[in-house]
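Only one structure is covered here, and it is reproduced in the block below.
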Amino acid sequence: QQQVKQSPQSLIVQKGGISIINCAYENTAFDYFPWYQQFPGKGPALLIAIRPDVSEKKEGRFTISFNKSAKQFSLHIMDSQPGDSATYFCAASINTGNQFYFGTGTSLTVIP
Amino acid sequence: EPEVTQTPSHQVTQMGQEVILRCVPISNHLYFYWYRQILGQKVEFLVSFYNNEISEKSEIFDDQFSVERPDGSNFTLKIRSTKLEDSAMYFCASRRQGRPNQPQHFGDGTRLSIL
């Protein structure tokens, strides 16, 4: 059973454009939704995270939008830069703090 | 900024051999995790560890796998008799205690290649 579904699998965006990556989850017990950024040869690095008591969280050029009723959340990267080119994973967990359920990842390429 | 460090960065092992992957979590963290990522696929949870015992494990974490915190700093993953399908990147993660949930911080991984 795939707990977290992520789309698209790959995304190409022009420099300065908006990158949007979507995730959907099934388990209503999830209450922590982080996004991780992974560069080749590196481990996932926490980018931004949200809890279900808010509908949006913004940190710099990165924004998470959260729709609790639809069980969906998305990452928006404003003014995308070539340095943002990486694989992005959404994840979800329950407050016990144990395993993260990761999405399948989105390979983002920002072209100059 | 404190980091999770993993050694070795790349481990090549013959099928059937035992392998130990090592991790040094961030020093004030109390929760420890192992994940794996088969090439081109998503990150999959293996096991979580707290207070010197396993708190949760996935179906991937069978009897061939074990974890240990042999001293105050290291956290190890042992695979007793490796199989070809164990070839993957293995990531260690740690987080500190606190509510609400604290984020997990990942190391850069060990690439395990089984021949």
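The values are calculated or read from the model by the stated rules, or taken from the named source; none is laboratory data. Since we're looking at a predicted model, the values are computed, not measured. Using ideal geometry, Cβ is built from the backbone for each residue, glycine included, and neighbour counts are taken over all protein chains shown. With ligands, DNA and RNA removed, areas are computed over all heavy atoms of the protein, side chains included. Shrake-Rupley method; radii C 1.70, N 1.55, O 1.52, S 1.80 Å.
Ligands, DNA and RNA left out, the 1.4 Å accessible surface of the protein assembly as shown is 47% carbon and sulfur atoms. Summed over all non-identical Cα pairs, the Kirkwood treatment of the stretch A:1-108 gives a radius of 13.9 Å. When chains A and B come together, the accessible area they lose, probed at 1.4 Å and totalled over both chains, is close to 1900 Å². Just round it to a whole percent: the fraction of Cα-Cα distances in the stretch A:48-95 exceeding 12 Å. Considering the stretch A:48-95, 66 percent of its Cα-Cα pairs are separated by more than 12 Å. For chain B, the orientation-averaged shadow of the C-alpha convex hull comes to 7.2 nm² (one quarter of the hull surface).
A quarter of the convex hull surface defined by the alpha-carbon atoms of the stretch B:58-110 gives 4.9 nm² as the mean projection.
For the protein assembly as shown, the fraction of C-alpha pairs farther apart than 31 angstrom is 21 percent. Ignoring the sites themselves, what is the longest stretch of chain B with no GluC sites (Glu not before Pro) in a DSSP loop and at most 15 other beta-carbon atoms within 10 Å? Here the longest segment lacking exposed loop sites spans B:60-115.
Legend: mean number of C-beta atoms from other chains within 10 angstrom of residue C-beta atoms, peptide B:102-109, equals 6. Taking 7 Å steps out from each Cα toward its Cβ at A:H76 and B:E68 produces label points 5.1 nm apart. Accessible surface for chain B, divided over its residues, is 52 Å² per residue with a 1.4 Å probe.
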